[in-house]
Amino acid sequence: MISGKMLEALNEQLNKEMYSAYLYMAMSAACTSRELKGFANWFMVQYQEEMAHAMKFYDYIHRQGNRVNLMAIDQPQIDFESPLAMFEKTLAHEQFVTGLIHGLVDLSSEENDKTTKDFLQWFVKEQIEEEETAGGLLERVKSVDDSGEALLKLNTELADRVFHPPKPTVD
Ligand code: FEO
C-alpha cells in the first residue's frame, strides 16, 4: 500500500519522465532540422527510454491498486544554439532527474514504504548510466568542431543507437 503523499510524488515523477521524453523529442526535431540525422536518432532513442521510464511508474502505480493522475506536460525548450548546447542541457537535466529520484527514495524511507523503495532502486542505477552517457557524449561533442568532419563522423556513429526496452521492474 502506498501513502497519499507517496502516490502524489510517484504521479509527479511519471509527469517528469513524460516531460523528459518531450524534451528529447524537441532536441531530436532540432537535430533533424539541421540535417544531423544521427544526432536526431540518438535523441529519439532517448525519448523512447524516457517513455519506458514513465511507463514503469504508470505500471507500478496501477499494480499497487491506485489510479494514475495524468497532469499537463510542460512545453520543453525547442530551439538550441548547437548540438553542444543540447548535450549540456541533457547532462544538466539528467542530474536534475537524479535529484528527483533520490528525493523519492528519501520520501519512501520517511513513509516506511519498503516496496516503493525497492521499486526505485532500478531508477537509482539507471540514473548513474544516464549521467555517464550524457557526460561522455558532452565531452565528445566539445572536442569536435561544430561543422567539421569530426561532428559528421559522430553523427554517423549516433545513427546506430537502437532502443532496447528495459526489463519490467516488478515481475
Ligand atoms: Fe528518466 Fe533520463 O531519466
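Please find, within segment 95-145, the residue that is surrounded by the most Cβ atoms within 10 Å (Cβ to Cβ) out of those that are within 14 Å of the ligand (Cβ to nearest atom) and charged (D, E, K, R). It comes out as GLU130. Of all the criteria given as (1) out of contact with any Phe, Trp or Tyr (no Cβ under 7 Å at 6 or more places or on another chain); (2) within 15 Å of the ligand (Cβ to nearest atom); (3) free of Cβ contacts under 8 Å to residues at least 40 places away in the same chain; (4) under 25 Å from LEU154 (Cβ atoms), the one not satisfied by PHE87 is (3).
All of MET55, MET51, MET25 fail the test of being over 30 Å from GLU111 (Cβ atoms), surrounded by fewer than 21 Cβ atoms within 10 Å (Cβ to Cβ) and within 15 Å of the ligand (Cβ to nearest atom), apart from MET25. Among residues of segment 143-171 that are within 20 Å of GLN48 (Cβ to Cβ), those with a Cβ under 8 angstrom from a residue that is at pLDDT 95 or above and of a type in the set (Ser, Thr, Tyr), sequence gap 6+ or separate chain, pair up as THR169/TYR60. SER33 meets all of the listed conditions (1) of a type in the set (Ser, Thr, Tyr); (2) more than 14 Å from the ligand (Cβ to nearest atom); (3) within 13 Å of the chain's Cα centre (by Cα) but one, namely (3). The residue list ALA92, ALA159 contains one member that is small (Gly, Ala, Ser), under 18 Å from LYS37 (Cβ atoms) and either at pLDDT 95 or above or within 16 Å of the ligand (Cβ to nearest atom) (or both), which is ALA159. Cβ-Cβ distances below 6 Å connect the following pairs, each with a first residue in segment 112-136 that is farther than 17 Å from GLN48 by Cα, a second residue that is more than 11 Å from the ligand (Cβ to nearest atom) and modelled with pLDDT of 95 or more, and a separation of six or more residues or different chains: ASP113/MET6; THR116/MET6; THR116/SER108; LYS117/SER108; PHE119/TYR60; LEU120/LEU104; LEU120/VAL105. Counting only residues that are part of a helix (DSSP H, G or I), surrounded by fewer than 18 Cβ atoms within 10 Å (Cβ to Cβ) and in contact (Cβ under 8 Å) with a residue 40 or more places away in the chain, segment 59-71 holds 2 of them.
The values are calculated or read from the model by the stated rules, or taken from the named source; none is laboratory data. On a predicted model such as this, the values are computed, not experimentally measured, just so you know. We place every Cβ from the backbone using ideal geometry, glycine too, and count neighbours over all the protein chains shown.
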